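Visitor: Please read through the structure below; I'll follow up with questions.
The values are calculated or read from the model by the stated rules, or taken from the named source; none is laboratory data. This one's a predicted model, so the numbers in the text were calculated from it and none came from an experiment. Here the Cβ is made from the backbone with ideal geometry for all residues, glycine too, and neighbour counts use every protein chain on show.
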Amino acid sequence: MRFGFMPNFSCEENIDECSSSPCANGGICKDLINGYECNCTNNYIGSHCSMSLDETCFGHLKPCQNNGKCIRKSLNLYVDNPETECQCQDGYSGQRCEIDLCLKLSCQHDGTCQRLPNRVAKCLCTKQWHGDTCQ
């Protein structure tokens, strides 16, 4: 007599991977064969619904500075660390909008820096001064 084997019979146990509640922030777990899938509620994404859409670019850090808008390059909502790029506010530049063009411009003689679209800044000079930096 042999134990553990019976012809034409398969002994498989379906394990409910959702029993450990792997989905965060109200995500609904769908049990699959050898796995699970989280269906996230609005405002959350990721394989465990752990990333808030309110966080810039769906990540844990806010990569864009000076109120730059973060654009997610990957449309796959299940990618936890997507590639991103920043759209800078007027007068800022750099990969993460970290460069304030007005700080680099140094307007002279009471000229004021004006931040313009397309990562441009220029000096507005008083009447008696002119030039790029009101020199």
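Visitor: Ala24 versus (1) in contact with a strand residue (DSSP E or B) (Cβ under 8 Å, 6 or more places away or on another chain); (2) modelled with pLDDT under 85; (3) not β-branched (Val, Ile, Thr): which is the lone unmet condition?
Guide: (2)
Visitor: With the condition kept exactly as written, say whether any residue in the stretch 114-129 is outside the structural domain of Asn25 (by TED's automatic domain parsing), among the polar types (S, T, N, Q), at pLDDT 90 or above and in a strand (DSSP E or B).
Guide: Yes, the stretch 114-129 contains a residue that is outside the structural domain of Asn25 (by TED's automatic domain parsing), among the polar types (S, T, N, Q), at pLDDT 90 or above and in a strand (DSSP E or B).
Visitor: Take the residues in the stretch 89-113 that are in contact with a helix residue (DSSP H, G or I) (Cβ under 8 Å, 6 or more places away or on another chain) and either of a type outside the set (Phe, Trp, Tyr) or part of a loop (DSSP other than H, G, I, E, B) (or both), then tell me which one is farthest from Gln65 (Cα to Cα).
Guide: Here the answer is Cys113.
Visitor: Any residue in the stretch 86-97 that is in the same structural domain as Asn118 (by TED's automatic domain parsing) sitting within a Cβ distance under 6 Å of a residue that is aromatic (Phe, Trp, Tyr)? List the pairs, counting only those 6 or more apart or interchain.
Guide: So the pair list comes out empty.
Visitor: Just for the stretch 32-56: of the residues that are assigned to a strand (DSSP E or B) and surrounded by 15 or more Cβ atoms within 10 Å (Cβ to Cβ), which one is modelled with the lowest pLDDT?
Guide: Ser52
Visitor: Something else now. Search the stretch 66-85 for residues being in a loop (DSSP other than H, G, I, E, B) and farther than 10 Å from Gly46 by Cα, and hand back the single one that is modelled with the lowest pLDDT.
Guide: Once the filter is applied, the top-ranked residue is Leu75.
Visitor: Checking Asp90 against (1) at pLDDT below 85; (2) touching a Pro at 6+ places or on another chain (Cβ under 9 Å), which single condition isn't satisfied?
Guide: Single failed check for Asp90: (1).
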